[in-house]
Amino acid sequence: MDFLKAKLGEELFNQVKSKLEGTGIKLVDLSTGEYVSKDKHTRIIAEHDEAIKKKDGEIANLQSSVAGDEKLKKRINDLEGDVASYQSKITRFEHEKTVSGKGIQSKYMDAAISQAEKLVSKDTPFDKAVDSVLETYPEWKTETKVTPEKKSTFPLNNNNASTAESEVAEARAKANDVFRKAGK
């Protein structure tokens, strides 16, 4: 009711307020959009209850129609199994990528993945688990030697060094194509 005080002034507002006290009458500002009449509220609830009953009936009908269809159930189970299999393959691929990116020797890859998966938790992502495995088994990491990069001067096909470099670049491009196709 305080919204009326600015419109009516202090004196008139107090008179209206004192007349309404104890009558059970409530004044609301409908312009705010906060008020919903009891009839509208009751109607909306009834409509939603009816919609829920209708949807529950549809669900029950679908469940009963599927209950006798063993082929459909089997197909659904097969599809769920396929999805789980694909998810497992994706996870394995991501784990292999992470492990190889950490420089673990290929002969230790399966063991590293297995050990890291045991360490994974809500607070420990897979890459951090791999780091922990490497701390435990430092010998699994590939030894890397830093050597300055040399340009090849060995001529392939009896050509000059620039031809050798272009042949190497071409071989790399072909290898990348193979990897891209294998990844699809």
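The values are calculated or read from the model by the stated rules, or taken from the named source; none is laboratory data. Since we're looking at a predicted model, the values are computed, not measured. So basically every Cβ, Gly included, is an ideal-geometry build from the backbone, and we count neighbours across all protein chains shown. Each accessible area value is taken on the protein alone, full model and side chains, heavy atoms only, with ligands, DNA and RNA left out. Shrake-Rupley method; radii C 1.70, N 1.55, O 1.52, S 1.80 Å.
The modelled label-to-label distance for the pair residue 61/residue 142, using points 7 Å beyond Cα in the direction of Cβ, is 6.2 nm.
For the stretch 14-123, trypsin sites (Lys or Arg not before Pro) are listed when DSSP marks them as loop and at most 15 other Cβ atoms sit within 10 Å of their Cβ; the list is 26, 122. Under a 1.4 Å probe, what is the accessible area of the stretch 1-144 per residue, stated in Å²? Per residue, the stretch 1-144 has an accessible area of 81 Å². Sorting 13, 3, 126, 93 on solvent-accessible area from highest to lowest, probe radius 1.4 Å, gives 93, 3, 126, 13. When the C-alpha to C-alpha distance is required to be over 26 Å, the pairs from 128/174; 97/174; 7/40 that qualify are 128/174; 7/40.
Rounded to the nearest whole angstrom, the semi-axes of the ellipsoid equivalent to the stretch 1-134, taken from the Cα gyration tensor as √(5λ), stand at 65, 33, 10, largest first. Cβ-Cβ distance of residue 174 and residue 110, R₀ of 30 Å, FRET efficiency by 1/(1 + (r/R0)^6): the value works out to about 0.55.
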